[in-house]
Amino acid sequence: MTSDTDTGTDTPSDTGAGTAPALDTDALIDDPDIRIVVCCGSGGVGKTTTAAALGVRAAERGRKVVVLTIDPARRLAQSMGIDSLDNIPRRVKGIETRGSGELHAMMLDMKRTFDEIVEAHADGERARAILENPFYQSLSAGFAGTQEYMAMEKLGQLRAREEWDLIVVDTPPSRSALDFLDAPKRLGSFLDGKFIKLLMAPAKMGGRAGMKFLNVGMSMMTGTLGKLLGGQFLRDVQTFVAAMDTMFGGFRTRADATYKLLQAPGTAFLVVATPERDALREAAYFVERLAAEDMPLAGLVLNRVHGSEAARLTAERALAAAENLETDGIVDQTAGKAGLREPADSPAAGSAPTTDTAGAASPEPPVEPSVEQLTAGLLRLHAERMQVVAREQHTRDRFTALHPEVAVTAVAALPGDVHDLAGLRAIGDRLATGSASAGAA
């Protein structure tokens with residue numbers, strides 16, 4: 001997108017873009033064939049709130065839902081009235097459901113999920129050796145891509161349990177495209193890398209051949225890497241690799257299975273963005289990447305969109321009216337706020353301060369703003385609002401021109417933060433109706 005999206009004077013007609021098809025989120029969450037909804041997008045666009053609002057709305061419309069969040073800010077727990085979220089789905093109270101609908105919520109515990117995999121796929125002694133290994137502890141707590149991979153693992157586990165009608169996933173906060181999808185490939189590359197294979201070779205060869213390899217080949221490697229990384233670190237890695245050898249194939253197998261699950265017809269991706277240039281540029285990249293990976297895209301959620309019930313009064317007309325009022329003594333200040341001054345020919349403009357009987361100056365009484373002054377200030381605020389609306393619409397039209405096939409729902413900005421179920425219901429209503437497109441405030 002070009003920099004002309006920064007201007008505030010463009011109108012939708014300037015872009016020549018068509019109208020995007022409407023995204024029907026109620027039809028999406030009501031569809032019994034849809035079992036997974038993945039909310040993705042760049043950081044700070046409202047993925048967590050969108051995922052939670054969809055979960056609340058789907059549960060209250062009769063589905064048994066679990067929302068999986070990977071957001072460390074814990075806003076989801078707070079908005080749902082839960083003291084804390086962890087790796088176990090927790091029932092959310094206060095859901096006004098139809099029939100058998102339920103809502104559960106959980107927050108990914110990356111390390112605990114990794115531990116669960118080890119415990120499930122290794123015998124007791126080997127599992128203990130892995131869990132106590134220093135390299136494993138470092139890997140499970142913060143290795144690049146581990147969070148995204150474990151999110152995939154947890155999604156696969158939830159789907160395999162067949163306990164919920166619908167799983168709503170809030171993907172990890174990340175700046176780059178789809179780390180959530182890239183993680184299995186990155187972990188697979190790590191497990192298949194030359195360094196890991198070299199470390200695994202002695203265990204695979206066994207006997208004297210293995211010992212000879214260990215004594216010759218490994219001594220050369222450790223002599224060099226040991227100086228860089230430390231001998232104890234390399235021994236920890238070797239011990240980890242030997243213990244994990246039988247599990248490496250399982251990681252790749254499960255990752256491949258979950259990847260295919262994300263490509264299945266029962267999955268729907270929602271790209272979440274705000275109507276800003278950078279966010280919609282990222283959204284366009286998400287859309288293109290999902291198409292390249294054959295991932296089913298449901299549409300775009302355009303979040304925090306501004307509107308006005310007085311849209312017929314354009315910014316230009318509002319500014320002109322304010323300027324007309326200024327001739328009567330109103331001075332425009334910055335940021336659209338009306339400041340006040342006395343006209344030059346006003347008697348009060350050049351008069352000296354009054355003095356009391358003792359000769360001391362007394363302060364002037366505050367001047368109440370006139371109706372004209374207040375009106376001019378409101379007109380300028382309205383003009384600013386309409387410029388924001390025009391800029392957002394222009395940016396949205398440019399996205400639609402690039403991707404006319406993508407269905408869109410616009411969510412009107414709320415006056416405050418969402419912090420409870422009532423707020424999530426309000427967001428759910430806006431998701432369903434696309435209220436911002438109708439000019440709602």
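The values are calculated or read from the model by the stated rules, or taken from the named source; none is laboratory data. The model shown is predicted, which means the values in this text are computed figures rather than measured ones. FYI the Cβ positions are ideal-geometry reconstructions off the backbone, even for glycines, and counts take in every protein chain you see. Just the protein is used for accessible areas: all its heavy atoms, side chains included, with ligands, DNA and RNA removed. Shrake-Rupley method; radii C 1.70, N 1.55, O 1.52, S 1.80 Å.
The figures follow:
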{"quantity": "Projected label distance in nm at Arg91 and Glu316, using a 7 Å step from Cα toward the beta-carbon", "calculated": "6.1"}
{"quantity": "Accessible-area composition of the range 31-117, carbon plus sulfur, in percent [1.4 Å probe]", "calculated": "44"}
{"quantity": "Accessible area of the range 237-322 belonging to carbon and sulfur atoms, whole % at 1.4 Å probe", "calculated": "55"}
{"quantity": "Where the range 39-164 is the region considered: accessible area per residue in Å², 1.4 Å probe", "calculated": "41"}
{"quantity": "Cα-Cα over 21 Å, subset of Lys47/Lys111; Lys64/Lys260; Lys64/Lys154; Lys111/Lys260", "calculated": "Lys47/Lys111; Lys64/Lys260; Lys111/Lys260"}
{"quantity": "Accessible-area order (highest first, 1.4 angstrom probe) of the listed residues Lys260, Lys93", "calculated": "Lys93, Lys260"}
{"quantity": "Global geometry of the range 273-317, whether rounded, prolate or oblate, following the gyration tensor of its Cα atoms and the 1.5 cut on a/c", "calculated": "prolate"}
{"quantity": "Where N is the number of residues in the range 20-98, Cα Rg divided by 2.2 N^0.38 Å", "calculated": "1.12"}
{"quantity": "Order of exposure, largest accessible area first, which applies to His394, His382 with probe 1.4 Å", "calculated": "His382, His394"}
{"quantity": "Prolate/oblate/rounded label for the range 244-302 (Cα gyration tensor, a/c 1.5)", "calculated": "prolate"}
{"quantity": "Total formal charge among the other residues, if their Cβ is under 13 angstrom from that of Gly434, Lys/Arg +1 and Asp/Glu -1", "calculated": "-1"}
